[in-house]
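Worksheet for the structure shown next.
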Ligand code: HEM
């Protein structure tokens, strides 16, 4: 497995915010970074803007009234009327927003959005991961506040009632904004950055691919790939006479999840647990480039000949060519087989008899689907990126938390032994099946709890396509998101909201078994364990205080896949080994990519149980 340098391999999954250690941190070269420049480097210590949020927004109120009776956009892909067209954002809207903001910042203009304005220093945001920097501001200003940099504003949302409004009730009043701009060169028109019209059709095609029979079959694949991980750990231990080895578990989890996603999505064996290859290197380098672009001051890669004259852009182009050639080859291969138009027949396949059970094969087999090769390439690339590092990250942070709580670890291991039977010495690693994964409740809740404390990604990005009045939730301001505004949904803040979680910073998977209510958060139904119906507690169980896979129409399509994969892999490793931290937990720093990485890996002492 290739380990990239200090920046680590980063996957710009749904919401990329990838600050570099030294650069101004922000999701977007067009946003935070450039804004800092607008104010000028000499003003880095200046307050971002005057706090005039106490002025009630009279326009906000009238906007809310105007919204009453307006045709509402659909909230899920099933609701979508074929004639629905989301609002468009024009340059006029952006300029008008900027002028308003300048007048508000430097003049007497009344706030149109009504949000509290956060005062602070840009330095607070650039010294570390931005999601960490936003947490103290959230505690001070509440679940809706505004960061303003000169004319540019970012609304930061961390309240479950508000998040429900944005993700569930009005998903199509927002685009992916800057995220789409950054990801487009890599994912093209893949589901994550896709504009509405493309997204609508592709989502309808892709979701059925994750059907029960396929997921059942995938559980076997997860076991095979995790068995390879186990073999490698055995080999590491065998090298040492003392019966243990120090292993970077983050790196190992990254390798296993890359192998799984390659085989599951396009039947390609990266074999990254056992070897290095140009294609693996190309994938990681492209992901790093996306991270670089999300933090660089100005998009120089769009300049003519940048991909010829700038070495890293030349390398990026060559790597993209290599990935595209490989994916195109796999698409051609999959297309060489007979297809069917019968979705039901496909979904009821006996996958044990299918030579190529990949998602790609399913997609080309639905011959009725009118899809181009380039769209298929974009779908594959998106899934590769979306499904790989996220799963590795949840495994990493879950192990990190468990290793610090020996009692809890013992209970988890007891559950695994109970469900799978204790392991005999020398036994080849066996994988849990679907039913066994369902029985391992504590293991699954530990993964959910790791996703609560370390959400992947920690911030979701949106841009408003129309004015959206917000409900109050835990706050009391009348806030309206204005057309053109960039919005950060801080999942990090939401998942650590002191009004929604008891002891929010504690790793306690059993919290998901206890109900929790707080009438102080207006219109929030609280957390109800009786509503858990699948593999993990979700946005429904928590009324949008817990959104590990997003929510609403743009919710993750790989959630079940990821939970099954992570449970299988964690159960197989904990059944066989004991893990101990080799450095103080507080020394395992965080770096931000699309997912939250450790700052320098997660070295652990691994011993056979
Ligand atoms: C633990 C693992 C994972 C986590 C935490 C995760 C998280 C998320 C989140 C939060 C979103 C919503 C993004 C937004 O609203 O901006 C999302 C979207 C998405 N995820 Fe995942 N994901 C995981 C695994 C996967 C896997 C395994 C796949 C596919 C094989 C996948 C494919 C996607 C796709 C295609 C979308 C875009 C959906 C759309 O816009 O319609 N994810 N994911």
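Every residue, every condition in (1) in contact (Cβ under 8 Å) with a residue 60 or more places away in the chain; (2) in contact with a helix residue (DSSP H, G or I) (Cβ under 6 Å, 6 or more places away or on another chain); (3) more than 16 Å from the ligand (Cβ to nearest atom), yes or no:
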site: 373; (1), (2), (3): no, yes, yes
site: 380; (1), (2), (3): yes, yes, no
site: 385; (1), (2), (3): yes, no, no
site: 395; (1), (2), (3): yes, yes, no
site: 402; (1), (2), (3): yes, yes, yes
site: 406; (1), (2), (3): no, no, yes
site: 412; (1), (2), (3): yes, yes, yes
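Residue-level check: of (1) over 16 Å from residue 387 (Cα atoms); (2) assigned to a helix (DSSP H, G or I); (3) more than 10 Å from the ligand (Cβ to nearest atom), residue 186 misses just (1).
Name the residues in the stretch 559-598 that are within 16 Å of the ligand (Cβ to nearest atom), surrounded by 19 or more Cβ atoms within 10 Å (Cβ to Cβ) and modelled with pLDDT of 95 or more, would you? Correct list: 561, 562, 563, 564, 565, 566, 567, 568, 569, 570, 571. So in the stretch 235-248, with the set limited to residues that are in a helix (DSSP H, G or I) and free of Cβ contacts under 8 Å to residues at least 24 places away in the same chain, which one is farthest from residue 393 (Cα to Cα)? Among those residues, the one meeting the criterion is 238.
Apart from one condition, residue 156 fits all of (1) touching a strand residue (DSSP E or B) at 6+ places or on another chain (Cβ under 9 Å); (2) more than 12 Å from the ligand (Cβ to nearest atom); (3) part of a helix (DSSP H, G or I); the exception is (3). Condition test on residue 549, is it crowded, with 23+ Cβ neighbours inside 10 Å and either within 15 Å of the ligand (Cβ to nearest atom) or modelled with pLDDT of 95 or more (or both)? The answer is no for residue 549.
Could we say that residue 601 is at pLDDT below 95, touching a helix residue (DSSP H, G or I) at 6+ places or on another chain (Cβ under 8 Å) and more than 16 Å from the ligand (Cβ to nearest atom) here? Here the answer is yes, as residue 601 does meet what is asked. In the set 293, 275, only one residue is buried (at least 17 other Cβ atoms within 10 Å of the Cβ) and either in contact with a helix residue (DSSP H, G or I) (Cβ under 7 Å, 6 or more places away or on another chain) or without any contact (Cβ under 8 Å) to a residue 60 or more places away in the chain (or both); that residue is 293.
Among the residues of the stretch 458-467, those identified as within 24 Å of the chain's Cα centre (by Cα) and either in a loop (DSSP other than H, G, I, E, B) or away from the ligand (no atom under 16 Å from the Cβ) (or both) are 458, 465.
If you check 180, 213 for being free of Cβ contacts under 8 Å to residues at least 40 places away in the same chain and under 20 Å from residue 387 (Cα atoms), only one passes: 180.
With respect to (1) in a helix (DSSP H, G or I); (2) within 14 Å of the ligand (Cβ to nearest atom); (3) modelled with pLDDT of 90 or more; (4) within 16 Å of residue 549 (Cα to Cα), the lone exception for residue 360 is condition (4).
Of everything listed in (1) touching a strand residue (DSSP E or B) at 6+ places or on another chain (Cβ under 8 Å); (2) surrounded by fewer than 21 Cβ atoms within 10 Å (Cβ to Cβ), the single unmet condition for residue 470 is (2). Inside the stretch 253-272, residues that are under 19 Å from residue 356 (Cβ atoms), part of a loop (DSSP other than H, G, I, E, B) and either more than 16 Å from the ligand (Cβ to nearest atom) or touching a residue at least 40 places away in the same chain (Cβ under 8 Å) (or both) make up a count of 4.
Every test in (1) buried (at least 21 other Cβ atoms within 10 Å of the Cβ); (2) more than 16 Å from the ligand (Cβ to nearest atom); (3) at pLDDT 95 or above is passed by residue 391 save one, and that test is (2).
Based on what the data block shows, is residue 140 in a helix (DSSP H, G or I) and within 13 Å of the ligand (Cβ to nearest atom)? It is false that residue 140 is in a helix (DSSP H, G or I) and within 13 Å of the ligand (Cβ to nearest atom).
The values are calculated or read from the model by the stated rules, or taken from the named source; none is laboratory data. In this text the structure is predicted, and so the values were computed from the model without any measurement. All Cβ positions, glycine included, derive from the backbone under ideal geometry; neighbour counts span all protein chains shown.
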